[in-house]
Amino acid sequence: MTHDELNALLAPVVADLGLELVGIEFSPSSGGSLLRVYIDAPEQGVGIDDCERASREISALLDVHEPMSGHYTLEVSSPGLERPLFTPEHFVRFLGQEVRVNLNLPLDGRRRFQGPIRAVDGDRITIEQDGVPVEIVHANIAKARLVPDYVALGLAPARGEAGAAGRARRSGRARS
């Protein structure tokens, strides 16, 4: 079964649970492959209960249709902060945000790009790399993920804050 056929098989089941199928990653391995299914609930986010419900339904469906040969592990997950982007529509949804992109084939001698998404025109995504717009055909994207701003999310200290705390400890001003 192709990637698109697997998406088409799983999307209705996930939608029946009131969730969105974000995308699928398949990592083949000789010891047992991994099928990772990303789900989301755009209005409230995904919880562990959502992942468990989706996992049960998807597992039952895969048992019936057997889309892959051999042993594999099913993992159902939220997209998380480093959200994968699978479709041009995902890039449109996150216009202006920073993304890390790995390409199948090099473009201008590079396979990795990182910068804000500046435009999406059909299957062409433009990101800004070092102040220069780079147009990438979606079919050439092997993997794309958002790059979260941990400082803005309050999950990391602002630049200079961590260094100031460390300097205070080294100078003996910090409490022992």
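The values are calculated or read from the model by the stated rules, or taken from the named source; none is laboratory data. Small disclaimer: the values here were computed from a predicted structure and weren't measured. Don't worry about glycine lacking a Cβ; one is built from the backbone with ideal geometry, like all the others, and counts go over all protein chains shown. We work out accessible area using only protein heavy atoms, side chains counted, and drop any ligands, DNA or RNA first. Shrake-Rupley method; radii C 1.70, N 1.55, O 1.52, S 1.80 Å.
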Looking at the square roots a ≥ b ≥ c of the eigenvalues of the Cα gyration tensor of the range 14-106, which shape do they give, rounded for a/c under 1.5, prolate if a/b is larger than b/c, or oblate?
oblate
Residues whose built amide H sits under 5 Å from the amide H of Gly23, excluding neighbours closer than 5 in sequence, are Tyr38
To the nearest 20 debye, what charge dipole does the chain have about its Cα centre, counting +1 at the Cβ of each Lys and Arg and -1 at the Cβ of each Asp and Glu?
1520 debye
Show me, for the range 20-29, the HN-Hα J-couplings you get by feeding each phi into the Karplus relation (A = 6.51, B = -1.76, C = 1.60, θ = phi - 60°), rounded to Hz, glycine and proline as x.
10, 7, 6, x, 10, 10, 10, 10, x, 7
Between Val99 and residues 5 or more places away or on another chain, the pairs with built amide H atoms under 5 Å apart involve Gly115, Ile117, Val147
For the range 81-95, just list the computed ³J(HN,Hα) in residue order, Karplus coefficients 6.51, -1.76 and 1.60, θ = phi - 60°, integers in Hz, with x standing in for Gly and Pro.
5, 8, 4, x, 10, 9, 10, x, 4, 4, 5, 4, 4, 10, 3
Roll a 1.4 angstrom probe over the protein heavy atoms and tell me the percent of accessible area of the range 1-159 that is carbon or sulfur.
49 percent
Between (i) 1.29; (ii) 1.35; (iii) 0.99, which matches Cα Rg over 2.2 N^0.38 Å calculated for the structure shown?
(i)
If packing is taken as the average number of other Cβ atoms within 10 Å across a peptide's residues, how do 131-138, 12-19 rank, most packed first?
12-19, 131-138
Give the long-range amide H neighbours of Glu75: residues separated by 5 or more places, or on another chain, with amide H under 5 Å away, using H modelled in the peptide plane at 1.01 Å from N.
Leu35, Arg36, Val37
To the nearest 500 deg cm²/dmol, what mean residue ellipticity at 222 nm is calculated for the chain from DSSP H runs of n ≥ 4 alone, each contributing -39,500 (n - 2.57), summed and divided by the residues?
-8500 deg cm²/dmol
Centre separation in Å (Cα based) which lies between the range 82-142 and the range 8-51
23 Å
